[in-house]
Amino acid sequence: MNAMGQGDENRDTQTGAAAAPREPLPQRFRAWFAARGWQPHPHQRAMLAAAGRASLLIAPTGAGKTLAGFLPSLVALEHGAGRGLHTLYVSPLKALAADIKRNLATPIEQMALQIRVEDRTGDTKSSARQRQRRDPPDILLTTPESLALMLSWEDAPRLFAGLQRVVVDEVHALAGTKRGDQLALGLARLRTLAADCRLAALSATVDAPGEIADWLAPPDADGVVECDTIFADPGPPADIAVMRDAGDPPWAGMGGRYAARAIVDQIAAHRTTIVFINTRAQAELFFQALWAENHDNLPIALHHGSLGLEARHKVEAAMAAGELRAVVATSSLGRGVGWGGVDLVFQVGAPKQVKKLVQRIGRANHRYDAPSKALIVPANRMEVIECHAALDAIADGSLDGDRLPAGGLDVLCQHLCLTACAGPFDADALYAEVRRAGPYADLAREDFDRVLDFCSTGGYALRAYDQWKRLVQGVDGLWRLRDPRTAQRLRMNVGTIVAPETLGVRIGRRGGGAKIGEVEEMFAATLTPGDSFLIGGRVVRYEGMHEMTVQVSNQAAGEPKIAVFYGTKLATSVRLSHRVMQRLSDPQSWADLIPPVRAWLRMQARVSRLPQPERLLVEVFPRGERWFLVVYAFAGQNADQTLGLLLSKRMEEAGLDPLGFVTNDYAVMLWGLKPIPDPAALLSAEGLLAGADDWLAGNTVMKRTFRTVGVVAGLIERTTPGRRKTGKQATFSSDILYDTLHRYDPGHLMLDITRREAMRGLVDFGRIEELLARVDGRIDVVRAARCTPLATPLMLEMGRVPIRGGSAEETLLAEEAEMLATIDAAR
């Protein structure tokens, strides 16, 4: 088995295309396979046979997807290079592109193929990029952002004229995202520039193959399918279980750190382990907990996106060399890159999405003929149920992705401006081209024209300002840049990733030491000299700021702060939430749950009720001088947050004096000073949604979304020649623009896009609408004498906010919950 995942098993099946022909490979390739005792997998032969059409390959990790994707290119290029750019490979990660480059080098060198392979990403040196533009390699490995930039060049038609093949790797990680929209538009552009170009996509985890195939190459005007879907044999089922010998999980929170000792024992018993954590902040905390239990000083590292580039590369190199026993990582190590020595994967915390869990499991035993081994560690009691529900879904072969959304109009704004950078375009021809991109196949001409108007005028409220008048129509009817000098600014702001502004963290005064990572600008603003905080798995002392760099030293004391990394929280998927509700409502399905969780659910059934899939459970109870309302929505963190805001508004209107609320993926808990006479009335669909748009319009969530939309569309520039805006500057300017448009031009394109994005993302209004439609007024109201078992985790989360009592309040609640459990057990 080599890095390409090639073995001697032949167990594939194929649907969506004719059976793989026994077409002979060129002699050089047959000899290469035979010398290693291998033969091509059927799905690799099928990809070779499908080279004349678009193709989607779905194959498990270790099944040789990389070789399958590149085999048609290697065969076509067998007779030598020097013909210009033949194949373009697009990866969601720069690290994956570099990994593929290393892997491709092996068969190319061993077969003595005269093929030049290079990568072109944001890390590529300027001199190399210039050379590639003059003299492109045979195979170029890149990312969606770099492709968009290359397509904006005036000589893009020359560079891509001879392109024969595009390979999109890890397509599931791109489809349905803004980066995927940008890539799909780029693919449509490539098919215009290179009529003979054929598309291929690779993935191990696809929940709706038909949708992905249409995303890659939508059916033509007559409805004829243009993409073959090829399935490899899935291989042996994964060896995956919920960890049971780590101790009882807590009622709430903790991030799985209670299991650190048991996980260290498993690391010691295996060759190499990856410990996946859902967030960067939790990864920092868990690494600390793991290291405290690492009494044998096993080499364990930390890897996430906010660490310094040098630190990440060092960890990746050590992994590749087999020098580490474990890595604590976020999704930064979850895609594509294969670590052959990994024989165990941990998922700490509920996975939230089944397909994300499947992808992470695939990092273990990167072999086609060996099952992946993985253990899931629930962070708390409710997550025990979610983890088992995720295992049910895997056993059923049911992934949980939502339907792919339509392409974003903000991305289309950027694409039109970048297309004009390459040269004038005809609006009718470009509209037809854009509709060849999967996410934009149903784009209305009216929406296209609104985007074009925005790019040329800025919209009604902004048409007096020249800075937003970027396109103009000439007397020849073609659209072009109003001022060619704006091309540089447009290219400097290519991309759809709008992350919070970050500041580098360096050891030593005046920022002269090694960079150890990055923190968000908002977090840095909370620090005062002498504060300690956690980064890169160690505690450092904040010394001050120097030229936008956070200066730290190793002399830290006191309890460290945790760097909070802002962004949309990953919510439990709709299908997984439904599976959790099904398990909760059916005591017959509790047999595989640990005893404390079974006792907890029995106690809930005794003192209140269990949530039901087609009904909405609402609890009301007093505690001290406050009254609590708990709604078990099972709508995900973002939607529950929005539901809390809406219910707070309704409680204010009813004179119930709400004081605050907390949420998790399953419920929202509100508290106020007055009894709640009619909880069901607060949750009526008509009342809950009445005026919601106007009320949310002034919410900071909408302004955050507007900033992202404005940056992608080019309304707000992050970078201009000679300077880059700070996060505060960008936020300030976006807030002014939002307020101006909201007041004077409420129908502006940017506001329409913001509403759509917010309702689907940070606000997740669709989940609330799904909830209201599902229960259809069937609301079960329970008036309890005290905090109920299922409400206890939320009460403990409230206890983490210094409202009254702090940790003492949390201790009392935990004791009360345990007392209830003891009483129930005695019965």
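Key figures
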read-out: Relative contact order of region 346-486, pairs being alpha-carbon contacts under 8 Å that are 6 or more residues apart, as %; value: 19
read-out: In sequence order, calculated HN-Hα J values of region 123-130 (Karplus, 6.51, -1.76, 1.60; Hz; x Gly/Pro); value: 8, 6, 5, 4, 4, 5, 4, 5
read-out: Amide H contacts under 5 Å for residue 89, placed H, 5+ residues apart; value: 140, 141, 142, 167
read-out: Estimated distance in nm for a label pair at residue 310 and residue 657, the labels positioned 7 Å out from Cα along Cα-to-Cβ; value: 5.8
read-out: Backbone HN-Hα couplings from phi across region 769-774 [Karplus 6.51/-1.76/1.60, Hz, Gly and Pro as x]; value: 5, 4, 4, 5, 5, 5
read-out: Hz values of 3J(HN,Hα) by residue in region 658-665 - Karplus curve (6.51, -1.76, 1.60), Gly and Pro given as x; value: x, 10, x, 7, 10, 9, 9, 5
read-out: FRET E, pair residue 745, residue 482, Förster distance 25 Å, beta-carbon r, rounded to 0.05; value: 0.75
read-out: Computed E for residue 514/residue 33 - FRET, C-beta separation, R0 45 angstrom, nearest 0.05; value: 0.45
read-out: Peptide ranges 626-635, 27-36, 577-586 listed from the most packed, as the mean C-beta count within 10 angstrom indicates; value: 626-635, 577-586, 27-36
read-out: Burial order of peptide ranges 117-125, 173-181 (average beta-carbon count within 10 Å, highest first); value: 173-181, 117-125
read-out: Packing-based ranking, highest mean first, of 665-672, 309-316, 193-200 given that Cβ atoms within 10 Å are counted; value: 665-672, 193-200, 309-316
read-out: Distance between modelled label sites at residue 591 and residue 690, nm, 7 Å Cα→Cβ extension; value: 5.0
read-out: Residue 114/residue 225 FRET efficiency (R0 45 Å; Cβ-Cβ; nearest 0.05); value: 0.80
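Laboratory data are not the source of any read-out in this text; all were calculated from the coordinates shown. The structure presented is a predicted model; accordingly, all values stated were derived computationally and were not measured. Note: ideal-geometry Cβ built from the backbone for every residue, glycine included; neighbour counts use all protein chains shown.
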